[in-house]
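Take a look at the structure set out below.
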Amino acid sequence: MKTISSLLLMGAVILTTARASAAEPDGYPTKRRSVPLLVTGLILGTLGTGTVIAGGVIYRDAVRSEEECQHLAAQSSFTFGGMCAASGLGKVVAIPMLIGGTTFVAAGLPMAIVGSWPVPDKSTARIPEVRVGPTSASLRWRF
């Protein structure tokens, strides 16, 4: 899961960066749709990936400790009482972490893609393009 989430996040960043740097038709300058949205999406994706990894490790350890506890209980002549129930606490903590981390990745990826989408830069359209030749000079505005 860690590898898939990381690859998806890196692929989205590379794809959107390549789109933003590509030349638009007619040479109009472009900018990112929303830098705060892009940054928020990247942060959510990163935090979600880390949470999914941590939740997976906690869940794996809870399953191992539960199996070990049950194995020891089967071998010994006395019961452990509530000892085996404590290993189930890891599962109770890990499952919400897995759900929350997956939700963060699922929300962060589209936010990063939409935030980095190239849009025409309207602020540079107000600045005239100055052309100076050997016998003439001109100003050109784009609307």
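The values are calculated or read from the model by the stated rules, or taken from the named source; none is laboratory data. Bear in mind that the values here come from a model prediction, so they are computed numbers and not experimental data. Reconstructed Cβ throughout: ideal geometry from the backbone, glycine too, with neighbour counts over all protein chains shown.
Would you mind stating whether ILE99 is exposed (fewer than 14 other Cβ atoms within 10 Å of the Cβ) and at pLDDT below 95? Spelling it out, it is not the case that ILE99 is exposed (fewer than 14 other Cβ atoms within 10 Å of the Cβ) and at pLDDT below 95.
Conditions (1) modelled with pLDDT of 65 or more; (2) within 30 Å of GLY88 (Cα to Cα); (3) buried (at least 18 other Cβ atoms within 10 Å of the Cβ), marked per residue:
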{"position": "SER5", "(1), (2), (3)": "no, yes, yes"}
{"position": "LEU9", "(1), (2), (3)": "no, no, yes"}
{"position": "ALA12", "(1), (2), (3)": "no, no, yes"}
{"position": "LEU15", "(1), (2), (3)": "no, no, no"}
{"position": "ALA23", "(1), (2), (3)": "no, no, no"}
{"position": "PRO36", "(1), (2), (3)": "yes, no, no"}
{"position": "THR51", "(1), (2), (3)": "yes, yes, yes"}
{"position": "ASP61", "(1), (2), (3)": "yes, yes, no"}
{"position": "GLU67", "(1), (2), (3)": "yes, yes, no"}
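Exactly one residue among ALA74, ALA125, ALA85 is modelled with pLDDT under 75, within 30 Å of ILE53 (Cβ to Cβ), part of a helix (DSSP H, G or I) and over 32 Å from the mean Cα position of the chain (by Cα), and that residue is ALA85.
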